[in-house]
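A quick write-up on the structure given underneath.
The values are calculated or read from the model by the stated rules, or taken from the named source; none is laboratory data. These numbers were taken from a predicted model, which means no experiment stands behind them. Cβ: placed from backbone, ideal geometry, glycine included. Neighbour counts: every protein chain shown.
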Amino acid sequence: MFERHPNDDRLSNANCIEGFAHCTSCFGQCPAGVTPREWARLEAGLTKRGMQIWCVRCEANLMHVDYEGQQHPVTTTRAKAGERVIDGGSH
Ligand SMILES: [Zn+2]
């Protein structure tokens with residue numbers, strides 16, 4: 001799930017998403033001419049057990065990941081204007 005920079009332990013802060021999360025309830029209602037990215041109304045956030053993705057339009061769970069009490073590496077950095085993102089290699 002997490003990609004690392006090939007030369008160090010930093011996680012990439014580039015968009016490395018390979019499989020987008022879509023709400024099965026409202027994804028099919030996406031109007032013509034509107035991209036899935038424009039249509040999606042998702043929230044992502046930390047929970048007591050892990051991380052959850054929530055469809056705001058449907059008020060429904062898409063995914064709730066249980067970290068099973070483990071801590072995982074995370075990056076909260078972002079590239080500033082004109083700065084290269086931390087390239088995680090394959091994305
Ligand atoms: Zn939905």
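Considered as a group, the residues in the range 5-49 that are of a type in the set (D, E, K, R) and more than 16 Å from the ligand (Cβ to nearest atom) include one that is modelled with the lowest pLDDT, and that residue is Asp8. Among the residues examined, Phe2 qualifies as at pLDDT below 90, under 28 Å from Gln71 (Cβ atoms) and of a type in the set (Phe, Trp, Tyr). If the condition is being within 14 Å of the ligand (Cβ to nearest atom) and either surrounded by 12 or more Cβ atoms within 10 Å (Cβ to Cβ) or hydrophobic (A, V, I, L, M, F, W, C) (or both), then the range 53-75 contributes Ile53, Trp54, Cys55, Val56, Arg57, Cys58, Ala60, Leu62, Met63. Scanning the range 25-46 for residues that are touching a residue at least 12 places away in the same chain (Cβ under 8 Å) and surrounded by 12 or more Cβ atoms within 10 Å (Cβ to Cβ) yields a total of 7.
Condition first: part of a strand (DSSP E or B) and closer than 15 Å to Cys26 by Cα. Now tell me which residues in the range 39-62 satisfy that. Matches in the range 39-62: Leu42, Glu43, Ile53, Trp54, Cys55, Ala60, Asn61, Leu62.
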